């Protein structure tokens, strides 16, 4: 397929990964550059809680390889508190800060709350035109009522992707079907899992192979108009996101990096 696949995890700063994914003795400050030896992209969760300082963004840039890509979650102050009604210019501030990643900036994920239903359509209609056209943006709906032809057509007019989520709030079948009906030149996929009961993030505890096979079967036939697919695993999907991401890479025919190789690289350094 001509589409470029970018597979990673939702975040990198997990102490439970130490000694399992990260080599023994890896300092927390070295988690990101070590992670970047195994995966070429990551979804940043911390930006959901606050707009990061420039020094933080530049640090991410400097500590990762040239081909690395960051996907940033949009601040909850706009999505959950202001409900897309920007009252203090956070929208412009955030996108300006995101641009400091330069060529390493991937999509921005606008995650809406489960109580943000179709009755909030006026807020969405006001927000979408404010999204800068030079940055890829995906919107995650957690209410089923948003999945209508009219909403999809509206997002397509602005090149905004629908975040396709394997979770409990919208049927997986609906999400997989949307792979064939893109609203942007890229797809953004999040493997979340049905709930958050998996609290041990050091190992796989649920076999999600059947679910991943369904996704892989559909990914192989996305339209040619989709140039990139960004996909991110949660620890809650099967228990240990790095292993789930490697499983997916292997199903898709991509090279995966065994954690033991990260240890060898550390020793060579």
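The values are calculated or read from the model by the stated rules, or taken from the named source; none is laboratory data. For clarity, every value in this text was computed on a predicted model and none was experimentally measured. Cβ atoms come from the backbone with ideal geometry, glycine included; neighbour counts cover every protein chain shown.
General remarks:
- Here the condition is being in contact with a strand residue (DSSP E or B) (Cβ under 8 Å, 6 or more places away or on another chain) and modelled with pLDDT of 95 or more; of 57, 51, 42, it holds for 42 alone.
- Of all residues in the range 158-177, exactly one satisfies the criterion of being under 22 Å from residue 73 (Cα atoms) and without any contact (Cβ under 8 Å) to a residue 24 or more places away in the chain, namely 175.
- Considering the conditions (1) more than 19 Å from the chain's Cα centre (by Cα); (2) within 22 Å of residue 237 (Cα to Cα); (3) free of Cβ contacts under 8 Å to residues at least 40 places away in the same chain, residue 22 is excluded by exactly one of them, (3).
- Unmet requirement for residue 13, which otherwise passes all of (1) surrounded by fewer than 17 Cβ atoms within 10 Å (Cβ to Cβ); (2) closer than 20 Å to residue 235 by Cα; (3) within 18 Å of the chain's Cα centre (by Cα); (4) in contact (Cβ under 8 Å) with a residue 40 or more places away in the chain: (4)
- Residue count for the range 47-64, restricted to those that are touching a residue at least 12 places away in the same chain (Cβ under 8 Å), closer than 15 Å to residue 11 by Cβ and assigned to a helix (DSSP H, G or I): 3
- Against the test of being at pLDDT 95 or above, in a loop (DSSP other than H, G, I, E, B) and surrounded by 15 or more Cβ atoms within 10 Å (Cβ to Cβ), the options 116, 154 yield a single qualifying residue, 116.
- Whichever residue in the range 85-110 is outside any helix (DSSP H, G or I) and modelled with pLDDT of 95 or more and, among such residues, is surrounded by the fewest Cβ atoms within 10 Å (Cβ to Cβ): 105
- Residue within the range 12-31 that is closer than 23 Å to residue 163 by Cα, out of contact with any helix residue (DSSP H, G or I) (no Cβ under 6 Å at 6 or more places or on another chain) and in a loop (DSSP other than H, G, I, E, B) present: no
- The criterion of being within 21 Å of the chain's Cα centre (by Cα), without any contact (Cβ under 8 Å) to a residue 60 or more places away in the chain, over 26 Å from residue 164 (Cβ atoms) and surrounded by 14 or more Cβ atoms within 10 Å (Cβ to Cβ) does not hold for residue 34.
- Restricting the search to helices (runs of 4 or more DSSP H) fully inside the range 185-269 and requiring at least 3 residues that are at pLDDT below 95 gives 259-268.
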